[in-house]
Amino acid sequence: MGMADVQILLVSGSTRGGSINTAVLRTARAVAPPGVTGVLYEGLTDLPAFNPDEDREPVHGAVTWMRDVFRTADAVLFCTPEYAGSLPGSFKNLLDWTVGNGDLYGKPVAWVNVAAEGRGEGAHAALATVLGYVGAVMIEPACVRLPIPRHAVGPDGKVVGSTLRAHLTEILITMALAVQTSTAI
Ligand SMILES: Cc1cc2nc3c(=O)[nH]c(=O)nc-3n(C[C@H](O)[C@H](O)[C@H](O)COP(=O)(O)O)c2cc1C
């Protein structure tokens with residue numbers, strides 16, 4: 001079975017210009033296999049602070065746009081740093097906007113942890129809790145640790161290294177196959 005038009009949304013938990021997590025997702029977009037399109041979500045800093053009172057029509061434009069790109073995506077790949085033993089606040093803010101509206105309910109998802117060996121566990125435990133809470137479907141074999149040192153990010157904002165690139169292609173293939181299997185039933 002070939003892959004056709006699987007869209008994978010790439011969501012970084014970092015707002016930093018030189019972010020390693022964003023660089024990894026930018027690289028994933030560049031090495032997507034045929035039939036798979038990686039779409040980088042770049043609206044994290046545009047989202048207003050979550051407020052249940054404002055989670056009703058007319059909702060903030062940045063929230064509408066975020067919801068549109070999540071709805072269009074067949075799957076979502078998260079790549080987030082750890083802040084103070086947990087998720088960065090602005091990323092958790094995005095996730096809070098998805099809770100009441102069910103934007104991630106039933107959505108196939110995966111994560112890549114690029115922190116050094118033994119680091120980032122708190123962030124990923126928190127992410128797993130939230131994704132479970134919102135009813136996302138974890139694609140377990142696509143969830144991996146790929147420790148990336150800061151100097152591995154090249155001047156083009158992508159990660160240098162053919163092994164890492166091959167791993168990212170493999171992750172996207174695993175995710176696309178999971179999407180196709182779940183929609184084929
Ligand atoms: C406010 C803040 C808190 C951090 N807390 C942790 C932490 O608890 N555990 C950890 O392993 N790294 C922590 N770090 C280090 C970041 O995870 C690390 O710098 C990472 O590369 C940032 O991701 P980015 O390059 O995608 O922005 C922290 C960094 C910042 C700025």
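The values are calculated or read from the model by the stated rules, or taken from the named source; none is laboratory data. Treat the numbers as computed from the prediction; the structure is a model and nothing was measured. Note that we place each Cβ from the backbone using ideal geometry, even for glycine, and neighbour counts take in every protein chain shown. Remember, those area values only see protein heavy atoms, side chains included, never the ligands or the DNA or RNA. Shrake-Rupley method; radii C 1.70, N 1.55, O 1.52, S 1.80 Å.
Here is a yes/no grid of residues against (1) surrounded by fewer than 14 Cβ atoms within 10 Å (Cβ to Cβ); (2) away from the ligand (no atom under 16 Å from the Cβ):
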site	(1), (2)
Ala32	no, yes
Val36	no, yes
Leu47	no, yes
Pro52	yes, yes
Glu82	no, no
Leu94	no, no
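Checked against the criterion of being β-branched (Val, Ile, Thr) and surrounded by fewer than 15 Cβ atoms within 10 Å (Cβ to Cβ), segment 166-182 has at least one qualifying residue.
Would you be able to say whether some residue in segment 96-114 is more than 13 Å from the ligand (Cβ to nearest atom), part of a helix (DSSP H, G or I), open to solvent by 40 Å² or more (accessible area, probe 1.4 Å) and of a type in the set (Gly, Ala, Ser)? The answer is no; no qualifying residue exists.
Close Cβ contacts (under 6 Å, 6 or more residues apart or on different chains) running from residues in segment 8-32 that are closer than 12 Å to Leu77 by Cβ and among the aromatic types (Phe, Trp, Tyr) to residues that are within 12 Å of the ligand (Cβ to nearest atom) and part of a strand (DSSP E or B) are absent. Take the residues in segment 88-136 that are touching a Ser or Thr at 6+ places or on another chain (Cβ under 7 Å) and of a type in the set (A, V, I, L, M, F, W, C), then tell me which one is farthest from Pro52 (Cα to Cα). Here the residue is Ala123.
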